[in-house]
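Visitor: What follows is a single structure, and I will ask about it in a moment.
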Amino acid sequence: MLTIIQLSDLRAALFWNSAIILAVIVALFIQWKEMKRLRLNLVHGFVVIAAINTALVVGSRLGALDIAGWQSLFYGGPLPPSSGKTILGGLLLAIPVYLLFKKYWRLPGTLADVIFIALPLAAAVGRLGCVAAGCCHGMVANGWLSWHYGPGMPAYEWQLEQGLIPEGAAASLPVYPVQAFFVVSTLLIFILLWRIRRKLKSSGSLALLVVGAILLNRAGVEFFREATTNRGILGFLFGGLKISQWICLLGSGAALALLWKNEHRKAISKIRAKLISPLVIAGALFTLTASILLFHQLLSFEEKVVLGLSYCPAMAAVIRRVWAGWELLPWRLATVSLLSVTTLILAATPLDSIPQIVKGDRWFDIQVGGVTGAYDEVSRDCSGNVIDTKKVNLNSAGFDVSYNYQSGDKENVGLGVHGSFGKVKAEDPLMEDNFNYQAYGPYLSFNSRRLGLRGGPLFIHYGGRPWKDMQYYHNYPSKEVNLTAYLRLGNRAKYFVDVGYYDFPGAHFFPEPSFSIGLFNWGFEDPTGGRNLRLGLAAINEETGVVASARGPLWKGNLFLEGSLYVQRKPMIGMGLKYRLMPKK
């Protein structure tokens, strides 16, 4: 029997936080050395590592939610408070995230081997903190392979609540050192797989073996763990085993079956890596940090530090590539700006700054934003075939000011004015797509839980066009009146579909007609739409592209950041800020 483990809350937290941060540093070092040895693309590698670490952290928190928490999450309720975390939930989210990057960036299987080989060692180092904290303790056991926990430690408090020990007991009953089992077993897994990593025939086999071994090891350790310490539904028993054990066994079996298939392939096709522009990579990093902003209430301080460390190598590698390639000069400013916003999100420890609006409240929303980038002017014949494509650059800025009144528990109306000004420049100075513009107009808005409407006239003035006596001059009017319209269907605190025509939020694209459909809109505990992620389609000059956007609070106060990325054949980046002015009560 080992000695009693007794640490104060401060010392336990210090050990736990230090172990988690050290685990990430160790993993990054191993992954960097292996990528250099195998001559893999460091930019792609570090970005994917940041994505997987984000999935591991967020997934571990989501996996710890119970049934009531998930019901609240998907039915528009508040974001449930953190109830711990589980590495199993992190793995279940990290694997599909990697597969998405692998498919669309055509990543080699060797990169998966490099990333996943570090996971067992990182898990072993991180679990040292769990040993000190005393969390996820084992079942009561007698014998030399057990230890006690002192007053205030989780095992002691749990046994006190269950009536297993009397009030004022010197220590808990002896329990299995489950976290120590996990440290030793994952360390042995790492040592074994590290020694055989060069003997596997096919790329990707090492990653599959890592996943299979970790899950199988977790299923075995669960036999010694107290079921009530399993987060969410993972501790429920089914057929004599915990739900977590069934998930581990099924996942391990699938990974080992894929390993056997991968090793026995007769022909192994070589994957040609896809060339990804730094701007698209910066957009991917921004989108990932937006998810951190969305789930920030679930994350602890040290987890935000861990994610910050994970993103630093990726952003440094992207900046190095941007400034090393002189051919990328036109996109440097946009890429660095997007990385700067990403850094701001990571550094700004977000707090819940969305005000609670109740019936009778009045407030002002003040927004500013802009967009820079390019789209293609496409000419087609009668059959729809492309006969000519010309690049058009766009730079614009805009504003939006509205007065809003909460008319009911879930309804509000607003009156506002919005406008924008900018410059459109085509490759050919005599094209019709060479002009300046200013556009202003009022609008009315109505929002309920499942329906949103907004619309009004927009007065547009064009200038700086080609001269009238030039044969290429297109005589469209210098002044126009257009309609802005917006429709939303669905719950903003859950999922919704939106359709817009000449719609101009703080960060927008103009002056081409825009028809957009929100394919994936996700906002938590925020019926005002102040925090959400969005993926949709948009059309500029009859050419359809993909638009992704994110919105969330920056820090304590009513300031929100919005960013968007539109990709047709050329990328366009939008940025906006919104300030919500609430009168003092």
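Visitor: Which helices (runs of 4 or more DSSP H) does region 94-164 wholly contain that include 1 or more residues that are assigned by TED's automatic domain parsing to the domain that holds residue 210 and touching a Lys or Arg at 6+ places or on another chain (Cβ under 7 Å)?
Guide: Values: elements: 109-117, 119-133, 154-161.
Output list reads 109-117.
Visitor: Counting just the residues of region 515-555 that are within 20 Å of residue 291 (Cβ to Cβ) and among the aliphatic types (A, V, I, L, M), which one comes out modelled with the lowest pLDDT?
Guide: Here the residue is 519.
Visitor: While we're looking at this one, here's another question. Go through (1) within 25 Å of residue 343 (Cα to Cα); (2) at pLDDT 65 or above; (3) part of a strand (DSSP E or B) one by one and return the number of the condition residue 498 breaks.
Guide: (1)
Visitor: Further question: Would you check which residues across region 185-208 are in contact (Cβ under 8 Å) with a residue 40 or more places away in the chain and either β-branched (Val, Ile, Thr) or under 21 Å from residue 246 (Cβ atoms) (or both) and list them?
Guide: 186, 189, 208
Visitor: Continuing with the same structure: If residue 346 meets every condition in (1) modelled with pLDDT under 75; (2) surrounded by fewer than 19 Cβ atoms within 10 Å (Cβ to Cβ); (3) of a type outside the set (Val, Ile, Thr) apart from one, which number is that one?
Guide: (2)
Visitor: Also, I was wondering about something else. Within the group 274, 266, which residue is over 27 Å from the mean Cα position of the chain (by Cα), at pLDDT below 90 and surrounded by fewer than 14 Cβ atoms within 10 Å (Cβ to Cβ)?
Guide: Sole residue among the options that is over 27 Å from the mean Cα position of the chain (by Cα), at pLDDT below 90 and surrounded by fewer than 14 Cβ atoms within 10 Å (Cβ to Cβ): 266.
Visitor: Considering region 16-27 alone, what residues qualify as being surrounded by 20 or more Cβ atoms within 10 Å (Cβ to Cβ) and at pLDDT 85 or above?
Guide: Of everything in region 16-27, those that are surrounded by 20 or more Cβ atoms within 10 Å (Cβ to Cβ) and at pLDDT 85 or above turn out to be 23, 24, 27.
Visitor: So for region 154-168 (the condition being on the phi < 0 side of the Ramachandran plot, hydrophobic (A, V, I, L, M, F, W, C) and crowded, with 22+ Cβ neighbours inside 10 Å), does at least one residue qualify?
Guide: The answer is yes; a qualifying residue exists.
The values are calculated or read from the model by the stated rules, or taken from the named source; none is laboratory data. No experiment lies behind these values; they were computed from the predicted model shown. Quick reminder, even Gly has a Cβ in these numbers, built from the backbone with ideal geometry, and neighbours come from all protein chains shown.
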